[in-house]
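The values are calculated or read from the model by the stated rules, or taken from the named source; none is laboratory data. Remember, predicted model here, so these are calculated numbers, not experimental data. All Cβ positions, glycine included, derive from the backbone under ideal geometry; neighbour counts span all protein chains shown.
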């Protein structure tokens, strides 16, 4: 509960939380999952589909339940640069690639000229990630994502790992991390305990383990992130941007169905955001 990212969550106008609520603003042209696009966005609990692409939401405030290149060394414009220091040409492994943070990370990595790879737990989620720009996706339920990553990178490993899982992934993360690679840890959904020679393996690769949270940051830092996002990232949500960023909405529930929304979130079936619609 309450695991959050200081580096990518601002790109979603909120924080990554498992079992929490964070505020977001509805954005015209949001990408939607097939469940919504096919008309399956309403269920017996009162589920409603999101507005169609290119249309503006007519409802009032909403809250979300959580859960890219040019030659040279161009840095990604955006808040996640500070933690991961992603560069053009970098390979980036994004865990939970179909989550709200993950779908943002894919697009921001592409915007930076990097090569995003993702892990997810179903073929549907991997397909959605690839539509957003992931170069490859690995189903962690069916294969060793570490070995698949090494195969994709021809043995070199990835330059950057964005990890919200933690303990249970440490050995596979280090295994597929490139020499001098960066491993950004911003969540512990897979546990906190480490059993094994983490330090010696990380030291051998000269790897950097970077931990980051948003909640414990001071107000000045958060204000700086918001300003950076507004200036450097927000313009890319415009329809006139050559590399347009799109928020990804899975389902929209009325606020009265908050329990159903949390149950759906805990089922781990969503791709992108689960949104609660507040009464006007």
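One table, with the values for the structure above:
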{"read-out": "Every residue from the range 96-128 that is under 20 Å from residue 267 (Cβ atoms) and within 10 Å of the chain's Cα centre (by Cα)", "value": "96, 97, 98, 99, 100, 101, 102, 103, 118"}
{"read-out": "Residue in the range 105-126 that is at positive phi and either touching a helix residue (DSSP H, G or I) at 6+ places or on another chain (Cβ under 8 Å) or outside any loop (DSSP other than H, G, I, E, B) (or both) present", "value": "no"}
{"read-out": "Per-region count, the range 241-252, residues farther than 21 Å from residue 113 by Cβ and either at pLDDT 95 or above or under 16 Å from the mean Cα position of the chain (by Cα) (or both)", "value": "4"}
{"read-out": "Lone unmet requirement of (1) surrounded by fewer than 14 Cβ atoms within 10 Å (Cβ to Cβ); (2) assigned to a helix (DSSP H, G or I) for residue 233", "value": "(1)"}
{"read-out": "Residue in the range 198-215 that is within 19 Å of the chain's Cα centre (by Cα), over 30 Å from residue 153 (Cα atoms) and in a strand (DSSP E or B) present", "value": "no"}
{"read-out": "Per-region count, the range 133-166, residues in a loop (DSSP other than H, G, I, E, B) and farther than 16 Å from residue 90 by Cα", "value": "8"}
